[in-house]
1. Is it the case that the range 33-41 has a residue that's over 28 Å from His122 (Cα atoms), of a type outside the set (Lys, Arg), assigned to a helix (DSSP H, G or I) and touching a Ser or Thr at 6+ places or on another chain (Cβ under 6 Å)?
2. Look at Asp37 and say whether it is exposed (fewer than 10 other Cβ atoms within 10 Å of the Cβ), within 23 Å of Asp71 (Cα to Cα) and free of Cβ contacts under 8 Å to residues at least 12 places away in the same chain.
3. Could you say whether any residue in the range 48-56 is surrounded by 13 or more Cβ atoms within 10 Å (Cβ to Cβ), within 31 Å of the chain's Cα centre (by Cα) and farther than 20 Å from Ala74 by Cβ?
4. Assess whether Lys78 counts as being surrounded by 19 or more Cβ atoms within 10 Å (Cβ to Cβ), charged (D, E, K, R) and either free of Cβ contacts under 8 Å to residues at least 60 places away in the same chain or assigned to a helix (DSSP H, G or I) (or both).
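No value in this document is a laboratory result; all are computed from the given coordinates. Predicted model, so just to flag it, every value in this text is computed and none were measured. Backbone-built Cβ (ideal geometry, glycine too); neighbour counts: all protein chains shown.
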Amino acid sequence: MSGVAHPVDVIKKLFADRKWDEVIEFCKKMLDDDPDDMIALQNLASAYIRIGRFADAVSACDTVLSLNPYDEYALKNKVYALESLKRYEEAMILYDKLLEKNPSDIWAMDGRGLALNQIGRHEEALSWYDRALKHNPNDVTALVNAAATLAFLKMYGDAISYYDRAQKIDPSLKGVAIAKSEAYYGLGMEDDALLAAQGMLNEDIGKLKEEARKRRMRPFDLLCLNEFNELEAKEKHHREKMSSKSV
């Protein structure tokens, strides 16, 4: 019997090879032997999700949840499947269950907010993002989602503030600079919008505008001049370095 692979190892190998249909068949055979096999049920749901059979994934998760109503893995898989089916109100019930289990579950708070956005309940969504941020002020997902919601509601000033906070935490965020720029355009602040589109933080925008005012220049023109001078200084330093090596 030592040559017989353990079911978990078989499933891991099939997942690694992305053989979803084989995962499904293998898990079904396991369930023929034991209809309550949690390993088989959980992996069956995951495999169904991988191939877009979301209704089947919901069914598999329901079986798990009938055995353990607070199984986190099954709850999250079912949430994903329900949202893929655009059944957002049902998904929110599961987010609530996750929060019953763990009132500090930021993932559930963010997800519930986004589900509310999907059904047009934007003010309620904002309350969930703010709730998440009370637990973790650096929750970038909540900051960006709140900013996008505020911008949609034409509350551009607040949206800009949330976008800026997100940028401070993660400067590499894609799309945030443009979104913040569009919010500035919504306020009719063209100079700020142009600077924001370059990825500048609000504090730096304010400093550049003040310097531009003193020099009687347009802020964007001053930004371009500063970048040109910086590039020229780097090239000069490079030339001097190469010249010293040749001596």
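1. Scanning the range 33-41, I find at least one residue that is over 28 Å from His122 (Cα atoms), of a type outside the set (Lys, Arg), assigned to a helix (DSSP H, G or I) and touching a Ser or Thr at 6+ places or on another chain (Cβ under 6 Å), so the answer is yes.
2. Spelling it out, it is not the case that Asp37 is exposed (fewer than 10 other Cβ atoms within 10 Å of the Cβ), within 23 Å of Asp71 (Cα to Cα) and free of Cβ contacts under 8 Å to residues at least 12 places away in the same chain.
3. no
4. Yes; evaluated as a whole, the condition is true for this residue.
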